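Every read-out reported here was derived from the displayed coordinates using simple, explicitly stated rules and does not represent laboratory data. Fair warning: this is a prediction, and the values are worked out from it, not measured in the lab. As a convention, Cβ positions derive from the backbone with ideal geometry for all residues, glycine included, and neighbour counts pool all protein chains shown.
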Amino acid sequence: MVRNGITYTIEKAKDGSFTLIVHDAARSIPIHSTYRPSEEGTIFKNQFNPDRYDTLIILGGGLGYHLSGLGPLVHKYRRIVIVEYLEGLDAEIAKNPLTAFLLTHSNIAFLSGLSPSETEEKLSHLINLESSKGIQVLEHPASLRAFPDYYRAVKAAAEKIINRSAGNLITQSKLSRRFFKNAVINLGSFDTHCNFSHLYNTCEGKTALVIAAGPSLSSNLEKIKDYPGCFIIAVDSALPVLSAYGIIPDFFVSIDPQPYVFEHLAQGSGTSIALITLTSHPCAFTMGRGFLSLNTHPVSQFVQEAVDFDIGSFHSATGSVAGDALMAAFKMGFSRIGLLGFDSAFLHYETYPRGSAYQKRWGLYSNDRFFSIDSRNFNYIMHASGALRHSGVYTRKSFVAYRDAIDDLLRKETKNTIYTIAPPGLPLSQAPVCAFEDFMRDCRTEFTQKKKMMESLLATAEPIAAHAPFSAIKRLLSNEVIARITEASFPSGKASIANALYFFKKQNYLNC
């Protein structure tokens, strides 16, 4: 086997068993002992802890000698994942009575010969914090010595997945009741809101600015008004900032389930068309007609299964409204996309652009002559970031995770031309930096053309109720269905079915 100039050989050790030797142009590295590899089962002897961690990730599999001590413990783990740089070791592992179990147990996944990105993709499906007590990552020293760059990249990928999953789990556990309540209330909005799938591929060949509420937005506000023919999709928290400059986006995205989103919407939604989810706060549904996206929430899944057409979704799995706004642009078919305010950092020592609801709140209630808003901003940044710097700017771990998730999303979308509008915060590897004027140079859509197109999109869009009357969906609801939805909606198990029934009854969705 040859990979990147590296070969390996299976050779006899002094005790008669077989060992693994890796060769490159400069050296030969034994992955196991050349004397008694069978005795390596004690390497992790005191580190296996299935009572505390029921998911185990091993970086470096080799021939498996160092994992032989796992045999009696396998049944105690929910999932064991072994990542090995080399491929083709299965046959040798399978014929060794000490290690054959590594390939035969259903809860062991042996990933070999994959690139770091391929391994990350596999791990994203294998790691599940929601059903796990804990995750432990163990590194095989000899394997890391032989392939340090590879295992460093895999470890970083695993940490990224774990951090993202942990963030999602915290959000879900804290807001599960509100997500559920919003979804039930919003079921009654099908007569005013249309299916997001109506917008699929309607903007091919067009240019869009997708605007998030990062500090760099402030540097380009005056320029945006010079290009009225450019389509604008903004996150809800950017609305007040844009409105203060007389900029009304064509679409705004609001996914937050909490009531404070009204601060953003009341100060700047104007005539913008809402792109919202079934779990968005109900106030987002009061901003005129909009387009509904279904996400992974159990109520959303129930609704999609209950109708015979595709309602559509811009759910990005990035954990951020900025990622969902970007996914909406992808689904709508925009060919050129500029990302503005996607900073994922405290650029210029600022938290948000001036004019945002957050800044106004601080200015109204926290500003005084002894401790200015700038001082409070700086102290907040130092506290929130923990002095973490990345690419020369202060940030926080959650921001880096969001940036990485958006980069992953961009990596999968290869048919679009995507740029980050300068000045950037944390750089996106998949979206090169571009000056605003350079990006807009090829925006040839005239304002009148865009206006007619928007009018046509709205005129041809029918409310979801026209396709699927809610009375038909109501007929499918039963106590048993609600019980299943509730069980899936509340991972902590603290919410009772009685509470769920209360929400449904309060909305008059059940005749019981």
CD proxy, 222 nm, the chain: helix-only mean residue ellipticity via -39,500 (n - 2.57) per DSSP H run with n ≥ 4, per residue, nearest 500, stands at -11000 deg cm²/dmol
Residues whose modelled amide H sits under 5 Å from the amide H of Val137, counting only those 5 or more places away in sequence or on another chain, are Ile57
Beyond 30 Å (Cα-Cα) in this structure, taken from Lys331/Lys451; Lys181/Lys415; Lys12/Lys122; Lys45/Lys155; Lys225/Lys415, we find Lys181/Lys415; Lys12/Lys122
Phi angles of the stretch 57-66, converted by Karplus (6.51 cos²θ - 1.76 cosθ + 1.60, θ = phi - 60°) into ³J(HN,Hα) in whole Hz with x for Gly and Pro, give 10, 10, 9, x, x, x, 8, x, 4, 5
Row for the chain, column shape: gyration tensor on C-alpha, a ≥ b ≥ c, rounded if a/c < 1.5 i.e. under 1.5, prolate if a/b over b/c, else oblate; value prolate
Residues whose modelled amide H sits under 5 Å from the amide H of Gly290, counting only those 5 or more places away in sequence or on another chain, are Cys194
In order over the stretch 439-455: 3J(HN,Hα) from phi, Karplus 6.51/-1.76/1.60, θ = phi - 60°, whole Hz, x for each Gly or Pro, gives 5, 7, 4, 9, 7, 9, 6, 7, 4, 5, 5, 5, 4, 5, 5, 5, 4
The relative contact order of the stretch 2-164, taking Cα pairs under 8 Å that sit 6 or more residues apart, comes to a percentage of 22 percent
From the Cα centre of the stretch 1-74 to that of the stretch 188-221, the distance in Å is 51 Å
Taking Cα atoms, the helix 321-332 axis meets the longest principal axis of the chain at an angle in degrees (rounded to 10) of 80 degrees
In this structure, the FRET efficiency calculated for Tyr35 and Thr296 from their beta-carbon separation, with R0 = 45 Å, to the nearest 0.05, is 0.30
Given backbone amide H placed at 1.01 Å from N, residues whose amide H is under 5 Å from that of Ala234, ignoring those fewer than 5 places away on the same chain, are Ile211, Phe251, Phe252, Val253
The helix 373-385 Cα axis meets the longest alpha-carbon principal axis of the chain at an angle in degrees, between 0 and 90 and rounded to 10, of 30 degrees
Once the in-chain neighbours fewer than 8 apart are removed, the aspartates and glutamates whose Cα is under 13 Å from Lys223 read Glu437, Asp438
Residue-ordered couplings for the stretch 407-422, obtained by feeding phi - 60° into the Karplus form 6.51 cos²θ - 1.76 cosθ + 1.60 and rounding to whole Hz (Gly and Pro as x), are 4, 4, 5, 5, 5, 7, 9, 9, 8, 9, 9, 10, 10, 9, 7, 6
Averaged over all viewing directions, the convex hull of the alpha carbons in the stretch 21-157 casts a projected area in nm² of 8.2 nm²
